[in-house]
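Undergrad: Dumping the structure here so I can ask a few things about it.
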Amino acid sequence: MKTKDYLGRIATALEAIAVTLVPETSSTSGLDLDIADAFHWQGEAGTLLPVPRVSRVPLSMLRGIDHVRDLLLTNTEQFARGHGANNALLWGARGMGKSSLVKAIHGDIASREDFERLVLIEIAREDLETLPQLMRAIAGAPARFIVFCDDLSFDSGETSYKSLKTILDGGLEGRPDNVLFYATSNRRHLMPRDMIENERSTAINPGEAVEEKVSLSDRFGLWLGFHNCDQDTYLAMVRGYAAHYDLGLDEETLRARAIEWAATRGARSGRVAIQLIRTLAGEMGKAV
């Protein structure tokens, strides 16, 4: 067999393998991204599901997190103008408004005309391994995208965090210029302490093994910490929600109910505050 013919057969075989390993672009390429400003990414199907109405509160309602609110808002505004911006990790105490802040900022910017179009895409932790597929589908689209993963964390034995590391920084394709990745987590380093300690105790080179796990959070350029609030901040949250929903309760009654409610829940947070407001509104025959 001539060398030329032999090389031609090899080239044909390699093309066939490539078609098998890299399937055709999913239906996201044909999706009308104008039908909504928010979507759910369905990793298994490789499609985007429109969200006609996002469950969120106005940005002005979020109290007690002014500093982190301003930092994330500025970062998102820069991105929506086509300027430099960082991926963001919102970590810390439960119920302090991490996911609410992301959705509220998206809603605030999407409603303003002085920015490029901003689309929010939510991805489940279980679908992170399909993140490169999503990035390829939206790269170059005439919009800017925040890909958002709520309650991001990894347990022992999981390897999907490697797909996220590749997208955030260092991969051959990297992150498209029109995409930012925002995540919320109760853990600053996204891995449980016992998992990190186990890596340290069993690895041949403990330092390198731990670095592999911890370095994921380092890929986020913006770290925003959310901490448990004191009583004054909690009461300010309650008053803000009560005023927004026009409950009309006097200050003394509202304060007493708020303190009693927090005591029964054993916690003070924005989530606890809004749960109280829903209860009070129900007692008064109002919808929230």
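Undergrad: Of all the residues that make up region 220-245, how many are in contact (Cβ under 8 Å) with a residue 24 or more places away in the chain, more than 18 Å from residue 102 (Cα to Cα) and surrounded by fewer than 17 Cβ atoms within 10 Å (Cβ to Cβ)?
TA: The number of residues fulfilling the criteria is 5.
Undergrad: Right, next: Taking residue 75 and the conditions (1) surrounded by fewer than 17 Cβ atoms within 10 Å (Cβ to Cβ); (2) out of contact with any helix residue (DSSP H, G or I) (no Cβ under 7 Å at 6 or more places or on another chain), which numbered condition does it fall short on, given that it satisfies the others?
TA: In the conditions (1) surrounded by fewer than 17 Cβ atoms within 10 Å (Cβ to Cβ); (2) out of contact with any helix residue (DSSP H, G or I) (no Cβ under 7 Å at 6 or more places or on another chain), residue 75 misses (1) alone.
Undergrad: So is residue 81 surrounded by fewer than 21 Cβ atoms within 10 Å (Cβ to Cβ) and modelled with pLDDT of 90 or more or not? Please lay out each step first, then the result.
TA: Details: surrounded by fewer than 21 Cβ atoms within 10 Å (Cβ to Cβ): yes; modelled with pLDDT of 90 or more: yes.
Against the criterion (surrounded by fewer than 21 Cβ atoms within 10 Å (Cβ to Cβ) and modelled with pLDDT of 90 or more), residue 81 qualifies.
Undergrad: Something else: Can you tell me how many residues in region 261-272 are surrounded by 11 or more Cβ atoms within 10 Å (Cβ to Cβ) and free of Cβ contacts under 8 Å to residues at least 40 places away in the same chain? Before you say what the answer is, go through the steps one by one.
TA: Quick first cut of region 261-272, residues surrounded by 11 or more Cβ atoms within 10 Å (Cβ to Cβ) only: 261-262, 265, 267-272.
Checking the rest, the ones that are also free of Cβ contacts under 8 Å to residues at least 40 places away in the same chain come to 261-262, 265.
Residues flagged as surrounded by 11 or more Cβ atoms within 10 Å (Cβ to Cβ) and free of Cβ contacts under 8 Å to residues at least 40 places away in the same chain within region 261-272 amount to 3.
Undergrad: With (1) closer than 30 Å to residue 232 by Cβ; (2) in a loop (DSSP other than H, G, I, E, B) as the list, and residue 152 as the residue in question, which single condition is left unmet?
TA: Among (1) closer than 30 Å to residue 232 by Cβ; (2) in a loop (DSSP other than H, G, I, E, B), residue 152 violates only (1).
Undergrad: Could you tell me which residue of region 256-288 is farthest from the chain's Cα centre (by Cα), considering only residues that are polar (S, T, N, Q) and part of a helix (DSSP H, G or I)?
TA: This residue is 264.
Undergrad: When the residues of region 51-71 are narrowed to those that are in contact with a Phe, Trp or Tyr (Cβ under 8 Å, 6 or more places away or on another chain) and hydrophobic (A, V, I, L, M, F, W, C), which ends up surrounded by the fewest Cβ atoms within 10 Å (Cβ to Cβ)?
TA: 51
Undergrad: Can I ask one more? Within the set of pairs 6+ apart or on separate chains, which have a first residue in region 100-125 that is more than 16 Å from residue 71 (Cβ to Cβ), a second that is of a type in the set (Lys, Arg) and surrounded by 17 or more Cβ atoms within 10 Å (Cβ to Cβ), and C-beta atoms under 8 Å apart?
TA: 103/56; 107/56; 116/144; 117/144; 118/144; 119/144; 120/103
Undergrad: Condition first: part of a helix (DSSP H, G or I) and small (Gly, Ala, Ser). Now tell me which residues in region 236-255 satisfy that. Outline the logic, then answer.
TA: Residues of region 236-255 part of a helix (DSSP H, G or I): 236-244, 251-255.
Those that are part of a helix (DSSP H, G or I) and small (Gly, Ala, Ser): 236, 240, 242, 243.
The values are calculated or read from the model by the stated rules, or taken from the named source; none is laboratory data. Note that this is a predicted model, so its numbers are computed, not measured. Heads up, the Cβs are rebuilt from the backbone with ideal geometry, glycines too, and the neighbour counts pull from every protein chain shown.
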